[in-house]
Amino acid sequence: MGRKLPQLAKQPLQSHWLQDLPTSDLPPPPPVQREFDVIIVGGGISGFSTALHLSRLQRVTKNRLNIAVLEARDVAGGATGRNGGLLRPGVEAPFAELCSKHGRAEALRLFHFERQNAAAILQFLTERGAEERVGLHRFKVGGVKGLSPSDDPARLRREAEEWEREGCNTETFFISEARVGDITGHKSGPAVAHGAAVFPEYRINAAQLTLEIALAAASEGNVSFFKNCLVDTVHRSQEGGRVFFRLTTSLGEFFSASVVYATNAWTSALLPHVSITPVRNQVICTAPSTNTFWKEGEFAMILNGGGEYMSGRGDGRIVLGGLRSLAPEMDVGCDRDDAVNEQVSKALHEYLPLQFNGFESIDFSVEREWSGVMGWTRDKSPLVGSLAGLGVCIDKEFICAGFCGHGMTRCFLSGCAVAAMVLGLPMLDNFPRSFLPTLGRVAAVSNEFDFKVDIAAESLDSASTKGRKEELAPTLSQPASSQAFHTLPFFLAVILICWWLFFSIEPFLEIGLAGSLAIR
C-alpha cells in the first residue's frame, strides 16, 4: 500500500490565534512581477524566517535578491497558526543517547541550538518592541511535566545532571505529586504519580510572531508576499549551466533561480519522494475561567508523555491540546485541518473538569476548537538544507520542514541556516548537522502502514494511550467496537515486532527487510 499524498483543505477551522490577525498590515505584492531570485513556498514561521534572514544575510554577499513567499492560505495558515501557543526550548533525549546516535559534538549542538533559537526570538521581539503584541510571557511557575508510574525520577535527575556536567544547564527541578496539586490543582492520579519535572517555558502567539517576522522581512524592501497562492507543480530546468524553476500556481506561473520548501506537512504534495508525513492534532481554547489555579495563567502542563498539553493564557483562558491517542491510528497520515475527530473532541471538552480541581462550582465552556497538521519525519528531526541530488531535486532546491510538532524552538534559526546555504555562505557553527537532508533521511516510506505503526508504537511507551483511555472511558461512553478499534495500533506494533524477529532469525531468506521495515 503506497503513501497517500496530502491535500490542502480549502476551508480549515479557524484557530484562536488566527482570528483577527491583522495580515492586511503587510504591503501588497507587485501586481505584475513573477520572476524572482528566490521563491519560498510556505508562509509559516519557517518560510518567513528564511525570507527575513535571506534579506539580512545578503548584505554580506552584497548581492541584492528579489524574494517571494508564496502561501496557499494567509500568514501562518498551516501548523504555525494552529499550535498550543508554547515556546519550550529543550531536547527530550538523554545526553548519552544523543551521543550514541550523533556523537558528543552534535549532542551539544542540538542542546544549544534550542536555547539559541529561543534567545534569538526574544531578541528579535525586543528589538521590535513586539513582546506584548505576540503575548510573550515567561511562566512564573514554568512548564510542569507530569511523571507517570513509567517515569523514573531518579533516572531523570541523573540525566539532568549529565547535561549539567557538559555545561548544559537544563534549569530543571523536581516536585512531588502533592506539590503538583498545590500549584496546578491537578487531582491525584497516574499522570502525576511520581510528581513532576519543572523547567522554563513561555507562552506566545505563534501566528502573531510570524506576522512580526513577515513585517520585518517586508520592511527590507525586497520581499514580496503572495497569499492564496497554491503551488501545484515545480518544473526544473538546466540550460547552459544555468538552473531555473517554473512554478505553476493558482495565481499563474512564477519563475525563480532558487526554491525553498517551507511546506512542513504538505511537502510530499510537491516532493513525493520526501518522507514527511502529516499528523493531525486537536486543540481547544476555553472561555475566560475564574478557576483560582488557572486564572493568572502562570504555568503550562505536559502530561502522559506529551499526550496532553495545556497552558494558562493570562486572561483566564486555557488552551488544551492532544489526546490524539483516541483517534484511529493516532491521526497519523491525516491532513484534515477542516475537521475534528469527535472522540478526541469530546475528551478535550471533558478533560479539564475531570482532571483539575476548582471547576466544580463555576461556569466552564469551550470558546473555540480547531485542528492542525504537523509534519513528521521518520527520525523525528527536521529536514533543513539542500535537496540537490536527492530524488528529482537539482541544485538550488532547499527545504526547511518536518518539525514534528517542535518547531517553535527550531524554525527561526533553521530559516537562518537555510538562508546561509542559499547564499553560498559557510554553514553556521551552531546548526545541527543531523538536520541536513540525506538520501536515507528523505527517502519516501515505501509503506505507510510501517510508518503509522512506528509512531503508534512510540506513543504506547507513555501512558497517553492505554492509561488515558481507561481513565476517560466512563465519560466517553465509547462503543465496544470503537474501543477495540482504538487499540489497533498496539496490535499492529506487536505484529511488526514479531515480523522483525522472524526475519532476524532467517538470514537466508531472500527478503529485503531493510526496504520494508527499516523506517528510522
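Between Glu166 and Glu127, the modelled labels are 3.0 nm apart [label points 7 Å from Cα along Cα→Cβ]. By definition, a body whose alpha carbon gyration tensor gives a ≥ b ≥ c is rounded when a/c is under 1.5, and region 1-140 falls into this rounded group. Taking each residue as 0.36 nm, the span from Ser365 to Leu57 lengthens on full extension beyond its C-alpha to C-alpha distance by 106.1 nm. Bridging of Lys396 to aspartates and glutamates at a Cα separation below 15 Å is possible for Asp37, Glu239, once same-chain residues fewer than 8 apart are set aside. The listed residues Asp182, Asp74, Asp395 rank as Asp182, Asp395, Asp74 when sorted by accessible area, largest first, using a 1.4 Å probe. With the simple model of a label 7 Å out from the Cα in the direction of the Cβ, Leu425 to Glu253 spans 3.3 nm. Under the shape rule built on the C-alpha gyration tensor, where the axes satisfy a ≥ b ≥ c, region 94-181 is oblate, since a/c reaches at least 1.5 while a/b does not exceed b/c.
Please compute the per residue accessible area over region 347-396 with all protein chains in place, 1.4 Å probe, rounded to a whole number of Å². Kindly include the intermediate steps, with their values, before the conclusion.
Details: 1830 Å² over 50 residues.
That works out to 37 Å² per residue.
Comparing Cα centroids, region 189-206 and region 346-372 end up 18 angstrom apart.
Model label points for Asp315 and Lys10, set 7 angstrom from Cα along the Cα-to-Cβ axis, are 3.3 nm apart.
Assign one of three labels to region 383-423, namely rounded, prolate or oblate, based on the Cα gyration tensor with a ≥ b ≥ c the square roots of its eigenvalues; rounded applies when a/c is under 1.5, prolate when it is not and a/b is larger than b/c, and oblate otherwise.
oblate
What FRET efficiency comes out for the pair Lys295/Ser237, r = Cβ-Cβ distance, R0 = 60 Å, nearest 0.05?
Calculated value: 0.50.
The values are calculated or read from the model by the stated rules, or taken from the named source; none is laboratory data. Only a predicted model underlies this, so the values are computations on that prediction, with no experimental measurement involved. Virtual Cβ from ideal backbone geometry, glycine too; neighbours counted across all protein chains shown. We work out accessible area using only protein heavy atoms, side chains counted, and drop any ligands, DNA or RNA first. Shrake-Rupley method; radii C 1.70, N 1.55, O 1.52, S 1.80 Å.
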